[in-house]
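J.: My questions will all concern the structure given below.
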Amino acid sequence: MKKASGVFIGLFFLFSGLDLLSCLNIFDLRWFSKPFLLPLLMGLYLIESPKKNPLFLAALFCAFMGDVILLLENQHSFLIGLLCFLTMQILYSVVFYKQTALFLMRDKMALFLISIFVIACLSVMVPHAGAMKMPLIIYALIFGGMAIIAHWRHKKLKGWLMVFIGVLFFVCSDALLGINKFVAVFSKANFWIMFTYIIGQFMIVKGYLKSE
């Protein structure tokens, strides 16, 4: 099993590297590299997981669909991709909620800091979002909620910190995507969006596996 896991991890980072190089226009392989990322993480989860949580697998599948659809790079694909990732975050939130500790929900500092981050993101993006204002607000509230619930998971769980850091990387990836889409295109945007996304998804999967 360890050998098989190593193969999936190795392939994941191989395709991740190819995708990041494609983001820098060194290769033109995005349609080859990006669609493999989430299936490899799904395979890793299926090999290592003793429980094979269907909701967690469904979340990864939604992320896979979002990855592929966003490659089309048009207005309709952006909305559909947004919906895929919104569904992923809701499913992650449900999975994480089942591992929460009630006493940790009294931790107002995490709620305050994450709320400030979400408000800051919205204050920057919403004025430029046009007809996308409401979907953007809903999406930001959901990813903020996912981050809060990830923090409220029982801290005695193995992999607690790995999952939480992974979620923060994912949230940063979404924030960078929103800034690049609605505010201003910045240098090497696709690279930094995918770099934070890849780290985030990998840490979420590996951290959650440790908690099962």
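None of the figures in this text is laboratory data; all of them are computed from the coordinates on show. Every value quoted in this text rests on a predicted model; they were computed, and no experiment measured them. Please note: Cβ atoms are built from the backbone with ideal geometry, for glycine as well, and neighbour counts cover all protein chains shown.
J.: Gap in Å between the Cα centre of segment 61-118 and the Cα centre of segment 152-212?
T.: Between the Cα centres of segment 152-212 and segment 61-118 lies a distance of 10 Å.
J.: Ok, one more. From the Cα trace of segment 55-156, what convex hull volume per residue do you get, rounded to a whole Å³?
T.: 96
J.: Taking the beta-carbon count within 10 Å as an exposure proxy, list Met132, Met146 from fewest neighbours to most.
T.: Ranking Met132, Met146 by Cβ neighbours within 10 Å, fewest first, gives Met132, Met146.
J.: What percent does the relative contact order of segment 49-142 come to when contacts are Cα pairs within less than 8 Å and at least six residues apart?
T.: 26
J.: ³J(HN,Hα) across segment 163-169 via Karplus (A = 6.51, B = -1.76, C = 1.60, θ = phi - 60°), whole Hz, x for Gly/Pro?
T.: Karplus values, whole Hz, x for Gly and Pro: 5, 5, 5, x, 4, 5, 5.
J.: Then there is this: In debye, nearest 20: dipole of the chain around its Cα centre with unit charges on the Cβ of K, R (+) and D, E (-)?
T.: Once rounded to the nearest 20, the dipole reads 760 debye.
J.: Could you work out the relative contact order of the chain, using alpha carbon pairs under 8 angstrom and six or more residues apart, expressed as a whole percent?
T.: Over the chain, the number comes to 20 percent.
J.: Here's another thing I want to ask about it. From the P(r) of the chain, can you give the percent of Cα pairs sitting at distances over 20 Å?
T.: When every Cα pair of the chain is considered, 57 percent fall beyond 20 Å.
J.: Another question, then. From the phi angles alone, apply the Karplus equation (6.51, -1.76, 1.60; θ = phi - 60°) to segment 83-97 and give each ³J(HN,Hα) in whole Hz, x where the residue is Gly or Pro.
T.: Going residue by residue, I get 5, 4, 6, 4, 4, 4, 5, 5, 5, 4, 4, 5, 4, 5, 4 Hz, with x marking Gly and Pro.
J.: Using the Karplus equation 6.51 cos²θ - 1.76 cosθ + 1.60 (θ = phi - 60°), what ³J(HN,Hα) coupling, rounded to whole Hz, does each residue of segment 14-24 give in order, writing x for Gly and Pro?
T.: 5, 5, 5, x, 4, 5, 5, 5, 5, 5, 8
J.: For Phe27, list long-range residues whose amide hydrogen, built 1.01 Å from N in the peptide plane, is under 5 Å from its own amide hydrogen.
T.: Placed amide hydrogens put Ser22 under 5 Å from Phe27.
J.: Right, something else. Pairs Lys108/Lys158; Lys108/Lys210; Lys52/Lys98; Lys155/Lys206; Lys98/Lys158: which exceed 20 Å Cα-Cα?
T.: Those over the limit are Lys108/Lys158; Lys108/Lys210.
J.: Let me ask something else about it. What is the set of long-range amide H partners of Glu212 at a cut-off below 5 Å, with H atoms built 1.01 Å from backbone N?
T.: none
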